[in-house]
Amino acid sequence: MFELGPQDWQAITVTLRLCLYTTVILLFIATPLAWWLSSGRSPGRVALQAVVALPLVLPPTVLGFYLLIVLGPRGPVGEALEAIGLNHLAFSFGGILVGSVLYSLPFAVQPLHQAFSNLGRRPVEVASSLGAGALDRFFTVTLPLTRGGFVVAATLTFAHTLGEFGVILMLGGSIPGETRVLSVLIYDHTEAMNYDGAHRLSLLLLLFSFFTLFIVYTFSRRAEIARI
Amino acid sequence: MTGRRARIAELANQPIYCLACPGNYQNPPVPVMIYRPTAVSARLLAILLLSVFACTARANSLTIAAASDLRFALEEIVTAWREQNPDQDVRVVYGSSGKMSTQISNGAPYDLFFSADISYPQQLQAQGFTATDPVPYATGRIVLWSSILDASALTLADLTGSDIEHIAIAQPAHAPYGLRAQEALQAAGIWEQVQSRLVFAENIAQAAQMAESGAATVGIIALSLAEFPRLAQHPYHLIPASKHQPLRQAYVVTRRADNNAAALSFARFMTTDIARAVMARYGFAPPGEPTL
């Protein structure tokens, strides 16, 4: 009954690649960003916080539209890439990866921001006074103490990328093996009146999303208990 | 494997939550459950690992952008072409002709573009995005179709009746079939009257899906979609071709496919008897022939 076709597997592959890359890239970007945001309050920080949260309130079409303009062959980034002999990013995997990183940014930054704020600066300062270097402080003090935040950030980023639709549809089109992710394929199956195909993939995403949120709540609870 | 690849493979092997944390977890976390090697997840992981560094560019690939009225007919033609060219990799992306045309002018990697209306490939040609002149391949028709009512007993004038709640048409702004539906409704003199009943689909296949699901009482859809077995269980009313401008369908080879032998081969295949027979079965008239 639950037989997935080659099209489905192709979309699963693209989706998992996209989610994995987005998560890894975002953890690298979000960690310093969240650290800086949590290290005080200033107009600059508040402004950045607002910018980071923008994808939460903006319609995905706005982001998709701007990215298409900027990353496309006639946009500044697209043109610059073509000038150095690379391809522009519209309708490509690279393009939807850029879109996903921007679109899921708040889901990576906010849990880390929360975790770093809760941690405070004291443990790091103590470590510093004991002679620990910056990297050492991060890996032996901050990371173990805020791992719950990292788990939540990574899981939410992964899951949110999985659920992305509008940005990818606008920026990536629906090219099999390249930009046709699961959510887009479900849309496509529906349009082709292939309801069985749409059902299977929808159920898959439903179950996966539930487990993801289950994990997130498990870890946020654990983080709270640890604080108490 | 080289050191770097091995490291990345190792990273990818770890559950997602651990990517950023080299530190050890004491409690085996919950997500492990999802990745426990059942047949499915083992296969998923294998595909993932293989694909992580798989090159996305392919040598023998042909990507076709096609109007949504071809959704079922073109599948059959692609299958027939693949039998003759088994080493070719064909991908088809469907959408409204206007949308596909916009995508092409924004750099979408399509080699061939099958448009439901010749005006879109002509515009692309004028903007320098094509390698060939637009070649007409068929003439399309629109029909009234319903999964609720007997559409064969309906005419356009009946759409003002009280039993019609929603009428699905494609978006006239970028879907040729939607524009022709609008013209037909205008010709019937009921365009203003049915305004509040119209629901607009992104393309003609979505309009058909709206009618098929019963969400729309009737749809003005492509004949080629009404001939699809799933929809053919219900009768349709063929809207007279005199009620609207002809749906002159044309394809064009895009600029990026100038030297793509596969694109030219597929284009030639459209004129073969095999392809013509499929098109005829889906209700398309050959190009240039008057349709009445």
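The values are calculated or read from the model by the stated rules, or taken from the named source; none is laboratory data. Remember, predicted model here, so these are calculated numbers, not experimental data. Cβ: placed from backbone, ideal geometry, glycine included. Neighbour counts: every protein chain shown.
Scanning the stretch A:39-78 for residues that are within 20 Å of the chain's Cα centre (by Cα) and polar (S, T, N, Q), we see that the one that is surrounded by the most Cβ atoms within 10 Å (Cβ to Cβ) is A:Gln49. Out of B:Ala57, B:Ala66, B:Ala80, B:Ala73, one residue alone is closer than 26 Å to B:Phe269 by Cβ and at pLDDT below 50. It is B:Ala57. Residues in the stretch B:98-120 that are under 29 Å from A:Pro76 (Cβ atoms) and more than 12 Å from every other protein chain (Cβ to nearest Cβ): B:Gly98, B:Ser101, B:Phe113, B:Tyr120. The C-beta contact set for the stretch A:135-154 (first residue on the phi < 0 side of the Ramachandran plot, second residue surrounded by fewer than 23 Cβ atoms within 10 Å (Cβ to Cβ) and charged (D, E, K, R), distance under 8 angstrom, 6+ apart or interchain) comprises A:Gly148/A:Arg222.
Only residues that are within 14 Å of another protein chain (Cβ to nearest Cβ) and either more than 13 Å from A:Phe150 (Cα to Cα) or in contact with a Leu (Cβ under 9 Å, 6 or more places away or on another chain) (or both) were counted across the stretch A:12-50, and they come to 22.
Residue selection: B:Ala211 fails the criterion of being more than 12 Å from every other protein chain (Cβ to nearest Cβ) and under 29 Å from B:Val278 (Cβ atoms). Here B:Ala226 meets each of (1) small (Gly, Ala, Ser); (2) more than 30 Å from B:Ala184 (Cβ to Cβ); (3) touching a helix residue (DSSP H, G or I) at 6+ places or on another chain (Cβ under 8 Å) with one exception, condition (2). Across the stretch A:184-200, the number of residues qualifying as surrounded by 21 or more Cβ atoms within 10 Å (Cβ to Cβ) and in contact (Cβ under 8 Å) with a residue 24 or more places away in the chain comes to 2.
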